[in-house]
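Here's the structure, in structure tokens; my notes come after.
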Amino acid sequence: MLELSGIAKSFGSTPVLRGVDLSIEEGEFVAVVGPSGCGKSTLLRLVAGLETADEGTVSIDGHEAGDLPPKARDVAMVFQSYALYPHMTVEQNMALPLVMRQLTRVERLPWVRRFSRGVAEKRAAIRATVRETAELVAMTPYLDRKPKQLSGGQRQRVALARALVRKPKLFLLDEPLSNLDASLRASTRTEIVDLQKRLGITTVFVTHDQVEAMTMASRIVVLMEGAVVQTGSPQELYEAPTDIRVARFIGSPAINIVAGRVDAGFLRMSGISQIIGRVDKADGVVQVGVRPEQVTLGNIGPGRIAATVRHKEFLGSEVLLHVELAGPGTPFVARYAVDGPSPPVGAAVGLTLKTDRVLLFDAAGQLLPVGISDLSSMRHDATLAEAVG
Amino acid sequence: MLAWPFVLPFLIGLIVFLVVPCIGVVVLALTDWQLGDSAIRFAGLKNFVQLISDDVFRRSFTNTMLYAAMVTPVSVVLGLWLAVTVERSSIGRAFFRSAFFLPVVSTTVAMAVVWEFLLHPALGPVNALMSLMGLPRHVFLNDVRTVLPTLAAIGIWENAGYNMVLFIAGLKAIPNDLYDAAAVDGAERPWERFWTVTLPLLGPTLLFVIIISFLRSFRVFETVASITQGGPQFASEVVLYTIYREGFVYFHVGYASALTVVFVALLLILTVVKFRLIDRSVHYQ
């Protein structure tokens, strides 16, 4: 449906996109996510035809679209600012894409419909389509209002409706939720997903908010410093990030990354004598990634990593404990989902990691495809005593 | 109480330099005082009665209206066109902006001398060009039919740059997203973009520029005073020049004051009417 290959784009001497390849299937809902300045909006504008690529090709529906103007691409876009025409009513805003496409320059003149039955019929058809689409986003009662008389959420619906009214091949959304307040954002998320499912329009959604991407998209493209770092389902990105930057970016609260070492096949965090597990990897420096929910908190004890509670965040269903690992004093976040009181600030606790879920990255930040096995499963290993000793 | 020391300096200035002179003009308009007279006699509405039947005033009022009718629309449209064109051009934006704004910052009287030379029947390049093209030489500023349009052309040259700057300020306030949205929605030809986004969003600026241009053209004086002195045969006589001559050449201060009062009143009425008419079709953000 949408095929990008080798897209590069610079503004002046600043490269924004460096060779982006991306392929999106018919009907897919893809989120392009990345920190601000990663080039994701530029990528979307390239697809829309608002920018031209320095290198690479864009093809929509099998047709090369690199040199086509926006109008000829049959794409619709929702802007972060909504970009509603302030002098037009909601109805006129929504009708504009149809008027521009279905009426000739002469037919668009305001008085022509009085003289030509053809034009009057076309206008009536446009009006019907607009009403139908307004119904879809529950904006029918507001058709006569101007954008400034609407709330932020309503404006956002109008922007959506204006984009959907002509049933485009491709639906592009550029951070459409970032101007809404938190509660509205959550409900709008579901609405957009519902709408997309019902209409089946291929959608590309750009956001800097990984939660939005995770909750809405069927596939996520992580863009960083102008290049695609990883593409995959939300679960894939969360559980097997190929790059440490993806691991850091996806997930809230953020993953704990701690420096570590592999020594004679045993993995340790630096400065801590406690062994995390056994790894089938040559000795060297590694980075250890542990999601906060993959930590179990208990009393200090053998086989547990000693830490001190420094700060607590109460989130209702769970408590986030910010602890400091004994020894190097590395900050670490653990999720505490057990009923009952959580350890007080200042308390000494023992951490147990779900060894098989710990992620290992090499010094350059690439995921190491090695399993970590629990020490308990090899208590009787001859080397164990040696290693611990 | 504390506020007074802060307000007072401004208030005194306002009263001394604005309120008192205004009242003074209205009062003088009701007398037949001439500059230098030791006695002032109350003349009632005599000055105003005289004014109605004054051919020179009627002529100068008509000329001023004609002048404004030529200068206002052309300088507004030209200013808008210049602003849109200059802002869209990729090269020499600063150069064009300053070049078109130059007439505004330069002294009109000095520029009038330049125009007089340009249009000179024997020495001027304009006539040289015309004779090159086989056209007869023309004394633009000394012909009853061409003198007012010629002055209007100078007025347009002077006002268009000023209007351009105001329009550029207005253009800068239009969010780029709207142009992008318009392009995606199908309005991508320059003309369509102009009608869909630029012109409607420039509405308030346009209203302001029309009113300002009208007022500025109604106040035409320097070019008339320095080039034609209202001639030939009162063909370029404008209201401000009539007032100036009555007051400072003939020293008919009372009569000049009456002319001023009428002039200001007419200006005010025309502005209000214009504002009401245009304001209805302007969209404010």
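Below is a table of values for the structure above.
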read-out	value
Residue count, region A:271-308 (criterion: within 15 Å of residue A:370 (Cα to Cα), more than 32 Å from the chain's Cα centre (by Cα) and open to solvent by 70 Å² or more (accessible area, probe 1.4 Å))	4
Within region B:227-285, tally of residues that are outside any helix (DSSP H, G or I), without any contact (Cβ under 8 Å) to a residue 24 or more places away in the chain and hydrophobic (A, V, I, L, M, F, W, C)	0
Set A:106, A:16: member being of a type outside the set (S, T, N, Q), open to solvent by 20 Å² or more (accessible area, probe 1.4 Å), without any contact (Cβ under 8 Å) to a residue 40 or more places away in the chain and closer than 30 Å to residue B:198 by Cβ	A:106
Members of region A:50-62 that are open to solvent by 30 Å² or more (accessible area, probe 1.4 Å) and more than 9 Å from chain B (Cβ to nearest Cβ)	A:51, A:52, A:53, A:54, A:55, A:56, A:57, A:61, A:62
The lone exception for residue A:85 - which of (1) among the aromatic types (Phe, Trp, Tyr); (2) within 13 Å of another protein chain (Cβ to nearest Cβ); (3) open to solvent by 30 Å² or more (accessible area, probe 1.4 Å) it fails	(3)
Failed item, numbered, when residue B:192 is tested on (1) within 14 Å of another protein chain (Cβ to nearest Cβ); (2) open to solvent by 20 Å² or more (accessible area, probe 1.4 Å); (3) modelled with pLDDT under 90	(2)
Unmet requirement for residue A:58, which otherwise passes all of (1) over 20 Å from residue B:189 (Cα atoms); (2) touching a residue at least 60 places away in the same chain (Cβ under 8 Å); (3) among the hydrophobic types (A, V, I, L, M, F, W, C)	(2)
Extreme residue, most open to solvent (accessible area, probe 1.4 Å), among residues of region A:63-73 that are more than 7 Å from every other protein chain (Cβ to nearest Cβ) and in a loop (DSSP other than H, G, I, E, B)	A:67
Test: residue in region B:133-145 that is of a type outside the set (Asp, Glu) and closer than 27 Å to residue B:105 by Cα	yes
So residue A:114, is it facing chain B (nearest Cβ under 10 Å), more than 24 Å from residue A:158 (Cα to Cα) and either touching a strand residue (DSSP E or B) at 6+ places or on another chain (Cβ under 7 Å) or charged (D, E, K, R) (or both)	no
Of residues in region A:226-270 being open to solvent by 40 Å² or more (accessible area, probe 1.4 Å) and of a type in the set (Asp, Glu), the one farthest from residue A:281 (Cα to Cα)	A:236
From the options A:155, A:166, A:131, residue that is surrounded by 18 or more Cβ atoms within 10 Å (Cβ to Cβ) and assigned to a helix (DSSP H, G or I)	A:155
Residue count, region A:309-349 (criterion: under 20 Å from residue A:274 (Cβ atoms), open to solvent by less than 50 Å² (accessible area, probe 1.4 Å), of a type in the set (A, V, I, L, M, F, W, C) and modelled with pLDDT of 85 or more)	9
Cβ pairs under 7 Å, 6+ apart, first in region B:54-75 and over 30 Å from residue B:165 (Cα atoms), second assigned to a helix (DSSP H, G or I)	B:56/B:242; B:57/B:51; B:57/B:242; B:57/B:259; B:60/B:239; B:60/B:241; B:60/B:242
Verdict on residue A:18 being within 20 Å of residue A:224 (Cα to Cα), away from chain B (no Cβ under 14 Å) and not aliphatic (A, V, I, L, M)	yes
Matching residues in region B:172-189 - criterion: being facing chain A (nearest Cβ under 8 Å) and within 34 Å of the chain's Cα centre (by Cα)	B:175, B:178
Residue among A:76, A:95 that alone is within 14 Å of another protein chain (Cβ to nearest Cβ), small (Gly, Ala, Ser) and open to solvent by 10 Å² or more (accessible area, probe 1.4 Å)	A:95
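The values are calculated or read from the model by the stated rules, or taken from the named source; none is laboratory data. Quick caveat: nothing in here was measured; it's all calculated off a predicted structure. Reconstructed Cβ throughout: ideal geometry from the backbone, glycine too, with neighbour counts over all protein chains shown. The accessibility values were calculated without ligands, DNA or RNA, using every heavy atom of the protein model including side chains. Shrake-Rupley method; radii C 1.70, N 1.55, O 1.52, S 1.80 Å.
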